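Structure first, then comments.
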Amino acid sequence: MSKYNWDEKHIITFPEEKVALSTKDLHVYYGKNESIKGIDMQFEKNKITALIGPSGSGKSTYLRSLNRMNDTIDIAKVTGQILYRGIDVNRPEINVYEMRKHIGMVFQRPNPFAKSIYRNITFAQNVQELRTRKSLMKL
Ligand SMILES: Nc1ncnc2c1ncn2[C@@H]1O[C@H](COP(=O)(O)OP(=O)(O)OP(=O)(O)O)[C@@H](O)[C@H]1O
Ligand SMILES: [Mg+2]
């Protein structure tokens, strides 16, 4: 087997028009603990990217930062840039609810709201005010 330099950084970059989402020098701290230490990464449009790493290495922390779910953790602090189509999602004027329509997460385990399963399943339609069967038929 040829010698492999594990210390060498292998960063693949794509032309700007092929990038859906990217992070630049992203750091995430929980209090004094720095869990994410300056990640530069690009996610290519229309492709699936896998993040692999040992338990506790920061995969979930990194993913949570992409649509600002770390905002809800009091001790979490995020620095650096997260760019979605060139827009920094951490800009204060960003409406996080609108942004999350573009950058969502499918969780490992289903986490229903404290409502009936029926109301969970029909939640999105209700939010969109498609309450009646008639309006659903128009789709
Ligand atoms: N809410 C939190 N408060 C404080 N520390 C946290 C919090 N969430 C994660 N951490 C710490 O941040 C580090 C990274 O954790 P994270 O859950 O992101 O790892 P992971 O790669 O997703 O692990 P796993 O493979 O087990 O899911 C760990 O040291 C963890 O203890
Ligand atoms: Mg995890």
ask   = Can you give the percent of C-alpha pairs in segment 16-108 whose distance is more than 22 Å?
value = 23
task = Starting from segment 46-119, pick out the trypsin sites (Lys or Arg not before Pro) whose DSSP state is loop and whose Cβ has at most 15 other Cβ atoms within 10 Å.
result = Lys47, Arg85, Arg100, Lys101, Lys115
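Read-outs: derived from the displayed coordinates by stated rules, not from any lab. The model shown is predicted, which means the values in this text are computed figures rather than measured ones. No Cβ is skipped: glycine too gets one built from the backbone with ideal geometry, and neighbour counts run over all protein chains shown.
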